[in-house]
Amino acid sequence: MTWHDGSPLRAADVAYTLAALTAPTSGAAAELTAYLDVAKVSVTGERTLRVPTLRPVGDPATLLAGAGLPVIKEGTKSFRPGELAGTGAFRVTAFEAGREARLTRYERHWGGAPPADELVVLSIDDPQARVNAVRDGQADYASDIPYALAKAGAGAAGLEIRSAGERRRTGYGFVLNTTRAPMSDPGVRMALRLAVDRQALVDAVFLGYGGPANDLYGHGAQYFASDVPVLTRDVARARELIKAAGAEGARVTIRSADYETGLNASTELFAEQLRALGLDARPQIVPPAAYFDPDGLAGADAVVLPLGPHPLSVIFTRSAAYPSLAFADPELERQTATAVSTTDPRRREQAWRAAQRVMTERGNWIVWGLGDTLSLTRADVTGIEARDSAKYPYLGKAGFAA
């Protein structure tokens, strides 16, 4: 493997990367600092290095992959086009933040030269504008198409609506803040799961491009408990649990922002369903830029959260890092620690199974649906692959059918 300047990738580059990405000012791959003793990393050869850990790590490949680790060449200070060397299938030749990036083929790529001479990646926030760019011939492919636009059809001959597939669906749900009453009561948490009309939410939000979910994030990931059944709605039982907890009439604030299509709509409908239980449920709709404000999240009783098929280690450890999203449970913590630390695949599978059982029995997730990730594309576009995220696919093999 070589950098775009022709020099070989070395262990020293990996050590430099770990130091750069775990620096306090980085803001990237911060979860690595909980596991790796980066200050004591030592390069032991041209292609080898030793990375001490702060706690046992039984599956280091998943840990590093979950961090989305981009390797940075040793000594890199500038990330401007023409000064930055990468190892990917394309090199950056021009970049305008918020507008576009131009990428040209790297012939010596370790996976083979890509089929396209050049990629132009446009940054278009508005989904209707993305769709129009393809329909008008200004673009060949647009990712993350809203369900309502997909329902209307491709819009022109030679265009297709494509789905990333059932295993790449996004889990739509709510995380309950167990640091606040009444969400600290396990009976209330179960009542809310029993009260949600999953099919109504699926019909209203996904418009036929999805299905109901079983209250667990990570659908499609390794070790996901796909055999856990979807709860049947039971409003009568939910009301009994609310009454037993003394939570009748309690105010429930549900924080949401449309940083993904349908989140605000799902929040409005969820609040309506909770009001049917006698709860004073109120949506708190904020702009996407303000949504992840820590104080705002901590002040809500529930927050909307969509998650794709990330590794379970990523989902469980990242959520545990935020008090308003975490679920403090000794068994959950023990099983998660075992799953992350063991080198035995069978024991790891058993630990993840137990951790997910805790979440479905008494946890703070209400994952009501699984939504497809859709794109609009020219029919002859090929090679676009869903890897880490279907919404941001891998383009290294993108091209046109002959």
accessible surface per residue for the chain, probe 1.4 Å, DNA/RNA/ligands not counted, whole Å² -> 49
By the Cα gyration tensor axes a ≥ b ≥ c (a/c under 1.5 gives rounded; else a/b larger than b/c gives prolate, otherwise oblate), the shape of the stretch 202-326 is rounded
Within the chain, excluding any chymotrypsin sites (Phe, Trp or Tyr not before Pro) found in a DSSP loop (not H, G, I, E or B) and having at most 11 other Cβ atoms within 10 Å, the longest uninterrupted segment runs 111-402
Note on the stretch 184-238: alpha-carbon gyration tensor, axes a ≥ b ≥ c; rule is a/c under 1.5 for rounded, else prolate if a/b larger than b/c, else oblate; result oblate
The chain: Kirkwood hydrodynamic radius (Cα pairs, Å) comes out at 23.3
For the pair residue 362 and residue 380, the simple spin-label estimate (label points 7 Å beyond Cα toward Cβ) gives in nm 6.1
Under 20 Å by backbone N from the virtual spin label 7 Å along Cα-to-Cβ at residue 166, the residues of the stretch 213-234 are 213-232
Sorted by chain and then number, the residues having a modelled amide H within less than 5 Å of the amide H of residue 252, at least 5 places away or on another chain, are 280, 281, 282
Once both label points are put 7 Å beyond Cα along the C-beta direction, the residue 388-residue 138 separation in nm becomes 2.8
To the nearest 20 debye, the stretch 2-97 has a Cα-centred charge dipole, built from +1 on Lys and Arg Cβ and -1 on Asp and Glu Cβ, of 140
Magnitude of the Cβ-charge dipole (Lys and Arg +1, Asp and Glu -1) of the stretch 289-402 about the Cα centre, nearest 20 debye, reported as 420
Excluding ligands, DNA and RNA, the carbon-plus-sulfur percentage of the accessible area of the stretch 192-334 with a 1.4 Å probe reads 54
The answer for the net charge of residues other than residue 109 whose Cβ lies under 14 angstrom from its Cβ, with Lys and Arg +1 and Asp and Glu -1, is +1
Placing +1 on each Lys and Arg Cβ and -1 on each Asp and Glu Cβ in the chain, then taking the dipole about the Cα centre, the residue among 201, 231, 33 whose Cα reaches farthest towards the positive end is 33
Given a Förster distance of 60 Å, the FRET efficiency implied by the Cβ-Cβ spacing of residue 346 and residue 275, rounded to the nearest 0.05, works out to 0.85
Using alpha-carbon coordinates alone, the radius of gyration and Dmax of the stretch 69-179 in Å work out to 18.4, 54
Rounded to two decimals, the Rg over Rh value of the stretch 134-290 from Cα coordinates and the Kirkwood Rh reads 1.03
Placing +1 on each Lys and Arg Cβ and -1 on each Asp and Glu Cβ in the chain, then taking the dipole about the Cα centre, the residue among 277, 345, 289 whose Cα reaches farthest towards the positive end is 345
Excluding ligands, DNA and RNA, the carbon-plus-sulfur percentage of the accessible area of the stretch 62-191 with a 1.4 Å probe reads 50
With 0.36 nm assigned to each residue of separation and the Cα-Cα distance removed, residue 93 to residue 42 gains 15.0 nm
In nm, the gap between the two label points placed 7 Å beyond Cα toward Cβ at residue 118 and residue 151 is 4.0
Computed D for the stretch 1-151, Stokes-Einstein, Kirkwood radius over alpha-carbon pairs, 25 °C, 0.890 mPa s, to the nearest µm² per second, is 135
In nanometres, the difference between 0.36 nm per residue of separation and the alpha-carbon distance of residue 129 and residue 9 is 39.2 nm
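The values are calculated or read from the model by the stated rules, or taken from the named source; none is laboratory data. Since this is a predicted model, take the numbers as computed values, not measurements. Neighbour counts are summed over all protein chains in view; Cβ atoms, including those assigned to glycine, are modelled from backbone coordinates with ideal geometry. These accessible areas exclude ligands, DNA and RNA; they are computed on the full protein's heavy atoms, side chains included. Shrake-Rupley method; radii C 1.70, N 1.55, O 1.52, S 1.80 Å.
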